[in-house]
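The values are calculated or read from the model by the stated rules, or taken from the named source; none is laboratory data. Being a predicted model, the structure only gives us computed values, none of them experimental. Quick reminder, even Gly has a Cβ in these numbers, built from the backbone with ideal geometry, and neighbours come from all protein chains shown. Remember, those area values only see protein heavy atoms, side chains included, never the ligands or the DNA or RNA. Shrake-Rupley method; radii C 1.70, N 1.55, O 1.52, S 1.80 Å.
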Amino acid sequence: MQMIQWFPGHMHLTRKLIEERVKDIDVVIEVLDARIPGSSFNPLLQELTGHKPRMKLLNKQDVADPVQTQAWLDWYNAQPETRAIAMDAEEVAPARRLVETCRQLAPNRGGMAKPMRVLICGVPNVGKSTLINTMTGKKQAKAADEAGVTKDEQRIVLDHDFYLWDTPGMLWPRISIAQSGFNLAASGSVGRNAYDEELVALELLLYLQKHYPQNLEDRFKLGLGVDQIQTLHDDELLEAIGRKRGCVMSGGRVNLQKAAEIVITDYRTHVLGRITLETPAEFEQWAAVAAVADAERQAKKDALAQSRKKGRKPR
């Protein structure tokens with residue numbers, strides 16, 4: 001998947017902010033999208049904050065597959081110094097309970113002499129700003145259903161001895177797990193100019209065909225059985241959806257761009273149902289494949305560098 005400006009300038013700034021801030025932080029909250037709990041995990045954030053106790057907050061759990069959400073909670077809770085919970089950022093009581101969970105992760109902090117200092121971060125458009133506004137009971141952070149709304153670091157007081165630092169959403173320099181790129185794009189964590197919508201819609205349909213074929217039939221009324229939906233080629237399915245939704249141009253051709261926009265929008269607005277685009281086992285498999293590819297790529301770069309070094313003439 002080819003991304004445009006995958007790591008733009010403001011994300012370099014965010015990295016520097018986190019590197020500086022994390023020195024004085026007691027707990028890190030990483031907000032994840034419960035529909036893509038592996039793909040919305042930022043390996044760069046892990047690198048920057050890896051030595052701190054952390055909370056993995058699977059947000060938007062109300063629109064994710066509940067069976068898979070539990071599987072992901074179990075997966076993250078099995079990791080050291082990590083607490084994982086699932087919630088909807090607009091639910092008031094669970095959001096307030098985050099304060100107590102942070103206190104449990106750093107029991108030696110508290111009181112005016114040693115106030116709790118928490119960093120909240122995540123990839124763009126995971127609902128972080130909405131969560132902060134819910135916890136505080138007022139509009140502290142700008143929220144919108146698009147990537148890259150928060151631009152600057154903010155300090156927010158949640159209690160007399162509890163300080164929360166909000167950082168802009170940050171992606172990482174190079175995507176290595178190809179499927180994660182598609183899932184992030186489908187879920188709205190990547191700016192619209194950074195991907196091909198038709199390609200993302202085809203990848204999305206490919207996964208939905210396998211795991212959620214009934215959701216496709218219920219939404220688009222294609223008049224096809226589940227078995228037939230699963231055996232259609234993904235581009236045939238996109239064309240069928242386009243025809244059903246009136247995306248037909250002169251000559252009877254289907255406007256696949258418009259059909260792709262419909263598929264992506266229906267997924268993002270949850271009218272396709274409660275869907276999760278990856279399981280822990282699938283993500284581990286994708287990561288293993290990516291690790292092999294990265295190792296091969298690095299070996300080629302090292303061999304090329306060594307070859308060039310040997311070919312240099314002495315001065």
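Structure data summary
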item: Lone unmet requirement of (1) part of a helix (DSSP H, G or I); (2) touching a Phe, Trp or Tyr at 6+ places or on another chain (Cβ under 8 Å); (3) under 17 Å from Arg35 (Cβ atoms) for Leu277; result: (1)
item: Residue that is modelled with the highest pLDDT [pool: residues in segment 120-132 that are open to solvent by 10 Å² or more (accessible area, probe 1.4 Å) and out of contact with any Ser or Thr (no Cβ under 9 Å at 6 or more places or on another chain)]; result: Gly127
item: For Arg274: the one exception among (1) open to solvent by 80 Å² or more (accessible area, probe 1.4 Å); (2) at pLDDT below 95; result: (2)
item: Subset tally (residues that are open to solvent by less than 70 Å² (accessible area, probe 1.4 Å) and either touching a Gly at 6+ places or on another chain (Cβ under 6 Å) or in a helix (DSSP H, G or I) (or both)) for segment 240-256; result: 6
item: Filter pass, Leu199 being open to solvent by less than 40 Å² (accessible area, probe 1.4 Å) and closer than 17 Å to Ala260 by Cα; result: no
item: Subset of segment 47-97 that is assigned to a helix (DSSP H, G or I), in contact with a strand residue (DSSP E or B) (Cβ under 7 Å, 6 or more places away or on another chain) and open to solvent by 40 Å² or more (accessible area, probe 1.4 Å) - its residue that is farthest from Val22 (Cα to Cα); result: Gln61
item: Complete set of residues in segment 99-119 that are surrounded by fewer than 11 Cβ atoms within 10 Å (Cβ to Cβ) and not in a helix (DSSP H, G or I); result: Pro107, Asn108, Gly111, Met112, Ala113
item: Filter result for the condition that a residue is open to solvent by 90 Å² or more (accessible area, probe 1.4 Å), among the polar types (S, T, N, Q) and more than 27 Å from the chain's Cα centre (by Cα), over Gln228, Gln285; result: Gln228
